[in-house]
Structures are given as C-alpha cells and as structure tokens.
Amino acid sequence: MAHIVLIGDSIFDNARYTEQRPDVIAHVRQLLPSGWRATLLAIDGATTDHVPDQLLRIPPDASHLVLSVGGNNALEKSEILHMPANSASEVLEELAGIAQSFEEEYRSVVESCRKRQLPLTLCTIYNGHFLYPDLQRKISVALTIFNDVILRVGIEFGLAMIDLRLVCSSPTDYANSIEPSFAGGAKIARVIVNLILNEEGQNTGARVVIS
C-alpha cells in the first residue's frame, strides 16, 4: 500500500485558510484508494531552510514524496519589487543573484529528498491572485526566476513536476493573495493523486503535469 508524504509550505498546509472546509491533505485522503495513506509534514511559512527538519520525520513506510517549497523564499525577496534602480541591467544583476542563491538552496533540498530513494514530485510556485493587475504582472514575472530553477532541477533529475501556475488559475483557487482556498486545495490534491495513481510502478522520466 502506498503512503504519500507532503513536504514544504502552506501550499499543502492550508487548513487555516479553508474556513473549516477540507484542506489539501484531507482532499488527498478522500481521493486515495482504500488502504493508501497520506501524511502532512509541510508547515505554513516554511522555506527551503525548514525542509531538512521535515525530512527527519518521514514515516518509515513512506512510498512517495511531494515537495512544494519556494514561495516563502520568494516572499523574503519581495523588496526587489520596490527597489529603485538606475538601469535594467542593475535589476537583472539583482535578479541573477537571487536566482543563484535560490538554486543552491533548492538543489540542496531536492538532493536531500532524493537520498530517501522514493519517487519524488516537485511543484512550481503559482502566481497567486492579487487585486491590482500591475502588481500581479510584476509578481508573475519575478516568480519566473524561481520557477525556472524548480523546472530545471526537476528536468535534470528526471522528476515529475506539477505546474501549480496552471492548476490554480482561477480567483476562487485562492483564499487570499497567496494561499490556496478549499477549491484550490481540491485541485492540487487531485493532480497529486492522479499523477501517483497513473504512474504507480513506472519510471517515466522528467514530465510536467497540470491535471
């Protein structure tokens, strides 16, 4: 019997944002076949720095890992949206430094996950839902440097990747600007379970899924 473990941040640990309706882990459990299990180790607010502690608590019978982390790393760098700059080159240099730092952190986390020798699925960072279109555009563009890292690392290691930008594409998928709602959590859970059920026992290499 499979035992799916969710690690990372509030993309999975979203109970406080669902108004007492099912959260991601509850949706996952409802969708699983009889006898399958799911465990939530993800913690709201976690960054890449917090994942190693979560990995220490992986149950011994775990069969699959699903990682969603990086959104809070991006939040920690959100001041760049308001940074004065004298040229586009200056902005690009700052973005390049952020990307390099995140890649080092994210790659370390993925390598730690892979040491468990379990099927691993990565999730990109969705774009959120912001009220002001100009802010939404800026955030969506800024997040591409983080998502580029996630996708490149996933491709390099031949992993499955869920592109949450296409999964959570409706305003109703968000409880606020950055947290998944009951509806968004249901979509995320459905993609996770479908991916694992459809590829159980297979080694299909790097791929991106959205449903």
I want to confirm something. Restricting to the stretch 77-121 and keeping residues that are of a type in the set (S, T, N, Q) and closer than 30 Å to residue 55 by Cα, which single residue is nearest to the chain's Cα centre (by Cα)? 121
Where in the stretch 1-86 are there helices (runs of 4 or more DSSP H), lying wholly inside it, with at least 2 residues that are among the β-branched types (Val, Ile, Thr) and more than 20 Å from residue 115 (Cα to Cα)? 24-31
Could you check the stretch 116-211 for helices (runs of 4 or more DSSP H) lying wholly inside it with 3 or more residues that are not hydrophobic (A, V, I, L, M, F, W, C)? 133-156, 182-198
Could you count how many residues in the stretch 63-106 are acidic (Asp, Glu), more than 16 Å from residue 154 (Cα to Cα) and in contact (Cβ under 8 Å) with a residue 12 or more places away in the chain? 2
Note on the stretch 15-38: residues surrounded by fewer than 18 Cβ atoms within 10 Å (Cβ to Cβ) and of a type outside the set (Gly, Ala, Ser) are 16, 19, 20, 21, 22, 29, 30, 31, 33, 37
Output the number of residues of the stretch 153-185 satisfying the condition of being within 15 Å of residue 14 (Cα to Cα), open to solvent by less than 20 Å² (accessible area, probe 1.4 Å) and small (Gly, Ala, Ser). 3
Quick one: count up the residues across the stretch 94-115 that are farther than 23 Å from residue 141 by Cβ, in a helix (DSSP H, G or I) and open to solvent by 70 Å² or more (accessible area, probe 1.4 Å). 2
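The values are calculated or read from the model by the stated rules, or taken from the named source; none is laboratory data. It should be emphasised that the depicted structure is a prediction, and the values quoted were computed from it without experimental measurement. Cβ coordinates were reconstructed from backbone atoms using ideal geometry, including for glycine residues, and neighbour counts include every protein chain displayed. Please note that ligands, DNA and RNA were not included when accessible areas were found on the heavy atoms of the full protein model with its side chains. Shrake-Rupley method; radii C 1.70, N 1.55, O 1.52, S 1.80 Å.
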